[in-house]
1. Give just the number: which of (1) within 14 Å of chain B (Cβ to nearest Cβ); (2) within 20 Å of residue A:280 (Cα to Cα) does residue A:64 not satisfy?
2. Would you mention how many residues in region A:121-148 are out of contact with any strand residue (DSSP E or B) (no Cβ under 7 Å at 6 or more places or on another chain), in contact (Cβ under 8 Å) with a residue 24 or more places away in the chain and part of a helix (DSSP H, G or I)?
3. Determine which member of the set A:225, A:260, A:195, A:230 is touching a strand residue (DSSP E or B) at 6+ places or on another chain (Cβ under 7 Å) and within 13 Å of another protein chain (Cβ to nearest Cβ).
4. Return the residue satisfying two criteria in turn: it lies in region B:265-283 and is over 11 Å from residue B:306 (Cβ atoms) and within 14 Å of chain A (Cβ to nearest Cβ), and of such residues it is surrounded by the fewest Cβ atoms within 10 Å (Cβ to Cβ).
5. Out of all the residues in region A:92-108, is one or more under 18 Å from residue A:202 (Cβ atoms) and either modelled with pLDDT of 95 or more or in a loop (DSSP other than H, G, I, E, B) (or both)?
6. For region B:331-449, give me every one of the strands (runs of 3 or more DSSP E) that falls completely inside it and has 3 or more residues that are in contact with a strand residue (DSSP E or B) (Cβ under 9 Å, 6 or more places away or on another chain) and closer than 27 Å to residue A:13 by Cα.
7. Take residue A:69 and tell me if it is under 30 Å from residue A:156 (Cα atoms) and more than 14 Å from chain B (Cβ to nearest Cβ).
8. Please pick out the residue among B:50, B:76 that is closer than 28 Å to residue B:215 by Cβ, more than 14 Å from every other protein chain (Cβ to nearest Cβ) and buried (at least 18 other Cβ atoms within 10 Å of the Cβ).
């Protein structure tokens, strides 16, 4: 079962220039996003959040509360969009699926021995299946960074192929854990491997390692997605995760997506933020734009 | 899911405020520390190229005005500036630097109003770099014995300086800062289309308390510049501008004993090897040619792409070009502002016509242009060769000509196959190739995996018809000294 994949990895290395990447990022962050553009961007960003809780202390009640927040981000403004998804551990998928029924909010589950990924493939597949069988719409897997550093790219590739197969209809997000990869060249290589292996999304980080998502890393991954699109016409999604807690930074990310990939990607089918704190900062900014005044943190619900 | 060409989330305009700037209706010459009316009584208009509206009247200088200014500079040199202890001189130069920083917003806005360049550039490049040139040179003022050990450096005397319209304040800084730090006095003519930041700099110089006559500004056209070059009491000429005028200056000063630095035109090769970081190289191509609407002497206007990646680079380049926002220079989101003048726009349009007639494949972006003002979309020609006029001649606009090459030797010979030799760019992941290329290019500056990076400590200047001498760094300082 696990060795069924017949796909072969075929990679030409693509070089990344760190200085050039940072220059491009600087051009994007100097864009001035104001007024209508800002409001529209904020609402879009809210609608792209994978509201996340991934703690040892997670409980059924905690997940239920989080689901409620995902469906009703700011009860006094009922017209606001929901978040895109709620992201939890496999054992809590069922709770999330039940809580979110009928809301359109998806359930994403981390799997494959998240966050370290140091488990045999059989365990990872079982982990994935548990999540999918419980109703997860999306699976966020981690790649084997140890094997990647050992140069065993085929191992990494085959593993992603196997998990993709185990996902069935669920969409697969492949976490590269870029904070452990060391260089942008490695980020690009890992992105290409994941895309070739069938990732529906590539994702920067688990959120358990610092640095998590950064603009240069995300830009590097967006270029990988674009090159794949140019070559095959196939769209791949992107999910920066971890460390994105301010609305302003989220708008920079969106602007980057627009300039690098184009308007088609400005949709939560193709772009997500993995974040736990971002939603309330976005809400604070939206309220500021609507009312002209900042409201204090206690006016925004924690979950 | 994905609808084709569905436009969304475009940027609304975010204009920089102009409420904090003060512009006079009329500017005279600044001679001997005072504002002096032109002896002819004549003034000319300087207009905002983005709106075609008049910004101010500016005095039109003639020989008499130049003579007055040179006399003031001579007097200041003999009586005050050459006698002042070097560390005191340095303090004045530092003071100018700090005042530019304090008034950075005002300088940026006026630079964009008068010249058409995007506020993003005047704010992030021109003005900070201008201040840095004063800071850098100020530091050398009392250390010339260490800069040039055992050589007994002495100033020339009166420096006559003529600057172009593409970087008005920055070029004034490049010229004035080393002249003052080394003990020379200055007569400077700003460009006729962009005199306003120089007039503001005159205010700063007055505010800094510089002794009268140390820095003088005479406004006017080319004939005013010629009067400066030909004045018998000018010891040193510094000119930035076209190669044509540079040649005239060279002839005019032949046999007079005047020293000159000339920073002239360019037609830089920007070379992309197949192993380059392609997306970053594309960014470098953009910075190389579309920076300041292409009004840059070191612009990377001749693009060479290794044939195996030619199509990929061109496709990515076109995609990237579509992201360039053309429009109001004061809008913080503008990438490409207004063409500096009506006549420059005509020059650019003429070259585009020539390029098409010569059989080049023409591409321009879909950017919408404002109704009034002088505008040109970012433009790319492919299917051109070394013999095309748009490949040979300096256009000074957002017009890029792309050719392919196969081998290192081929691209070196093509890149050097031009009368110019100001700058070049090389993009490759391979360090050894990069160093090989830098030694073989006949260019004053070669950028490796980057483009249009400037620093006051780095000398800048050309080979061949791109000029004589260097500005910036120790080399630039040395040009204002005799040994």
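The values are calculated or read from the model by the stated rules, or taken from the named source; none is laboratory data. Because the structure is a prediction, the values reported are computed rather than measured. No Cβ is skipped: glycine too gets one built from the backbone with ideal geometry, and neighbour counts run over all protein chains shown.
1. Answer for residue A:64: the failing condition is (1).
2. Kept after step one, since they are out of contact with any strand residue (DSSP E or B) (no Cβ under 7 Å at 6 or more places or on another chain), are these residues of region A:121-148: A:121-127, A:129-130, A:133-134, A:144-148.
Now narrow it down to the ones that are in contact (Cβ under 8 Å) with a residue 24 or more places away in the chain: A:121-122, A:124-125, A:127, A:129-130, A:134, A:144-146, A:148.
Applying the additional criterion that residues be part of a helix (DSSP H, G or I) yields A:121-122, A:124-125, A:127, A:129-130, A:145-146, A:148.
So the count comes out to 10.
3. Working: A:260 fails: touching a strand residue (DSSP E or B) at 6+ places or on another chain (Cβ under 7 Å); A:195 fails: within 13 Å of another protein chain (Cβ to nearest Cβ); A:230 fails: touching a strand residue (DSSP E or B) at 6+ places or on another chain (Cβ under 7 Å).
After ruling out the rest, the residue left standing is A:225.
4. Within region B:265-283, the first condition is being over 11 Å from residue B:306 (Cβ atoms), and the residues that meet it are B:265-270, B:277, B:279-280, B:282-283.
Next cut, within 14 Å of chain A (Cβ to nearest Cβ) only: B:270, B:277, B:279-280, B:282-283.
Details: B:270: 27, B:277: 27, B:279: 27, B:280: 24, B:282: 26, B:283: 22.
Ranking the qualifying residues of region B:265-283, first place goes to B:283.
5. Yes, there is a match, as at least one residue in region A:92-108 is under 18 Å from residue A:202 (Cβ atoms) and either modelled with pLDDT of 95 or more or in a loop (DSSP other than H, G, I, E, B) (or both).
6. Details: elements: B:361-364, B:379-382, B:399-405, B:423-427, B:445-448.
Passing ranges, in order: B:399-405, B:423-427, B:445-448.
7. Here the answer is no, as residue A:69 does not meet what is asked.
8. Values: B:50 fails: closer than 28 Å to residue B:215 by Cβ.
Every option except B:76 fails the conditions.
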